[in-house]
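The values are calculated or read from the model by the stated rules, or taken from the named source; none is laboratory data. Treat the numbers as computed from the prediction; the structure is a model and nothing was measured. Cβ coordinates were reconstructed from backbone atoms using ideal geometry, including for glycine residues, and neighbour counts include every protein chain displayed. Side chains included, ligands, DNA and RNA excluded: accessible areas come from the protein's heavy atoms. Shrake-Rupley method; radii C 1.70, N 1.55, O 1.52, S 1.80 Å.
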Amino acid sequence: MIDRRGLLAAGTLLPFAARAQGRAETLRCVMGGSVNSLDPVRFGATRESTGCAVHVADTLLRFGRKPQGTGFIFDYDRLEGALAERYALSADGLRITLHLRPGATWHDGSPVTAEDVKWSLDRVVGAQSMARTQAETGSMTSPDQFRVLGERVVEITLPRPDRMALPNLATIFMPMLNARLARPHATAADPWASEWLKSNTAAGGAYRVESFRPGEQLILRRNDAWRCGPLPFFRRVIIQTVPEPATRASLIERGDADFSLDLQSSDVIALERRGRVKVVQMPQQSIMSFLAFNTRQPPFDSIALRQAVAAALPYEDLFQAAVFGRGERLFGATWTGEPDDAVFPQPMPFRTDPALARAKLAEAGFAGGLRTTLSFGVGAAQVNEPIATLVQEALGRIGIEVTVQKLPDAQMASAMTEKRLPMLIETSGAIFPATDYFFRVIYSGEQRWNFSSWRNPEVDALVQEARFERDGARFQAMARRMIALAAAEVPLVPLWKPALNAVMARDIEGFTYWFLRQPDFRDLSRSA
């Protein structure tokens, strides 16, 4: 059912769609979040802004893709040329040489030069933005590391061989920009023209921005002069914010929109049953939902207590109640000691065992029980409230009395940053499906994303060492050891990889799951 607000949103979309030329070559996407910036690396830019930027600005490299299920998934192990036609990594792993694609131009028709790329890389490491933080994960921190070797050749030097340097060049966090267009808008207070780039573009990607109403609508028009890949099928893409999931579902089912992500699982299941739309479901590769403990404060500084909770959880009931069994289970593994596989997230050897839970509770010194709190943000209540209720019931059966706190999202974010919560439910992850990168983000360091505040000296050392390890066998051994330590000390309990549900018109083809968890419209087409 569409409420009044939904009708207003739909009414805004439909007249414009009716006027759009070439209905078959126009893609209409409705999303719950909004595009608030054309600069994808600006602090405060939404995930939708970052996702849409891949269409407007090119990157130097890109990941390949491979079939999975009824769609495709990006291939982290295969890097291809994008704005850089080809690249070479020196034998010592310290120099990356990038050869720019001949004939590549910016949207204004001017040629892409090595000087433009040098300026773009300098901006990545020089401006105060999300790009700077991301580039640091690949050991790129100073403009001195970027050098022009010729009209179309750029060299990047690294202080140490870093496994994450090349993957970073394939992310929109390192967008290539037209320096000659952007520079005149720089000021003494804003030397990288960040304020101007928030609502203007200086790029050369597969699409140009036709119109932009921040927070409401973005319209893209295909750049027919694009030379960095096959021309996209769709000549125009209309991206509109429609906050209500039920409204988005109705728009697609009626044929008034073509594509949406992040619909409610109950709506997706109902849409599948009626069969009038196509649904492509993909487990989110580097994302997991989990129960995290504050390991720095009593009572969850006790490993035995954390093991007790892990043994008490009703895993399959949680999976079905919260996400209707949609996703990939991260519990119930049979391995002991170290896993056979070095990938992560992967299923952990946690399963429901009430007798073990009570024994571990006694070992921790809480045979008589204890009281604690479990928190989650209200914005994720649809999924997290069933989790909290079942956790509360299961822990109550072994003597742990749990008070559930449903906090406003801003308050939840502050409490997580300040490490004030004994237990919390969250969904998070890393951009890249690399075990050392995931552990660096989620399981180590004095930073917000170490939700459990876990401090294990061996893991902290392995995370740093693995980053620079070039021998594949040694790297995998380090990764397996990190996973084993996380299983033994239980700083958090992985539950599942949530599914990304892409809902689209039945004639839309080519959906690919990308690490940004946003659609790449360049992949999509409409069947005859």
Fully extended, how many nm does the chain gain between A488 and E458 (0.36 nm per residue separation, minus their Cα-Cα distance)?
-> 9.5 nm
Contact order normalised by residue count of the stretch 61-150, Cα under 8 Å, 6+ apart, percent | 16
Hey, of (1) 206; (2) 140; (3) 152, which did the structure itself give for volume of the Cα convex hull per residue in Å³ when calculated?
-> (3)
For W496, other-chain or 5+-apart residues with amide H closer than 5 Å (H placed, Pro excluded) are S289, L330
Apportionment of accessible area to carbon and sulfur, the stretch 426-473, percent (1.4 Å) | 53
Computed over the chain, the relative contact order (Cα-Cα under 8 Å, seq sep at least six) in percent reads 19
Name the aspartates and glutamates eligible as straight-distance cross-link partners of K360: C-alpha to C-alpha under 12 Å, and not fewer than 8 places from it in the same chain.
-> none
To the nearest 500 deg cm²/dmol, what mean residue ellipticity at 222 nm is calculated for the chain from DSSP H runs of n ≥ 4 alone, each contributing -39,500 (n - 2.57), summed and divided by the residues?
-> -9500 deg cm²/dmol
Honestly the stretch 35-89 on the Cα gyration tensor test (a ≥ b ≥ c root eigenvalues; a/c under 1.5 rounded, otherwise a/b vs b/c for prolate or oblate) is just oblate
What does a probe at W449 reach in the stretch 456-481, counting residues whose amide N is under 12 Å from the point 7 Å along Cα→Cβ?
-> none
Spatial separation of Cα centroids for the stretch 345-402 and the stretch 218-253, in angstrom = 43
If the cut-off is 20 Å between C-alpha atoms, which aspartates and glutamates fall inside it for K406, apart from same-chain ones fewer than 8 positions away?
-> E385, E393, E418, E426
How would you classify the stretch 298-402 from its alpha-carbon gyration tensor, with a ≥ b ≥ c the square roots of the eigenvalues: rounded for a/c under 1.5, else prolate if a/b is greater than b/c, otherwise oblate?
-> oblate
Looking only at aspartates and glutamates whose Cα falls under 18 Å of K278's and that sit 8 or more positions away or on another chain, we get E253, D256, D258, D262, D267, D507, E509, D520, D523
Point-to-point label distance, A188-D77, nm (Cα→Cβ direction, 7 Å offset) | 5.5
Compute the relative contact order of the stretch 308-355 as a whole-number percentage, counting only Cα pairs closer than 8 Å that sit 6 or more residues apart in sequence.
-> 51
Note to self: with every protein chain in place and a 1.4 Å probe, the chain gives an accessible area per residue in Å² of 40
Can you bin the stretch 348-491 into rounded, prolate or oblate? Criterion: square roots of the alpha carbon gyration tensor eigenvalues sorted a ≥ b ≥ c, rounded for a/c under 1.5, prolate for a/b above b/c, oblate for the rest.
-> oblate
Could you tell me what percent of the accessible area of the stretch 211-279 is made up of carbon and sulfur, with a 1.4 Å probe and every protein chain present?
-> 46
First measure r as the distance between the Cβ atoms of A477 and T336, then evaluate 1/(1 + (r/R0)^6) with R0 = 25 Å and state the FRET efficiency to the nearest 0.05.
-> 0.90
Nearest-5 percent of antiparallel DSSP beta bridges in the chain?
-> 75
Computed FRET value (nearest 0.05) for D301 with D224, which takes r as the C-beta separation and R₀ as 60 Å = 0.50
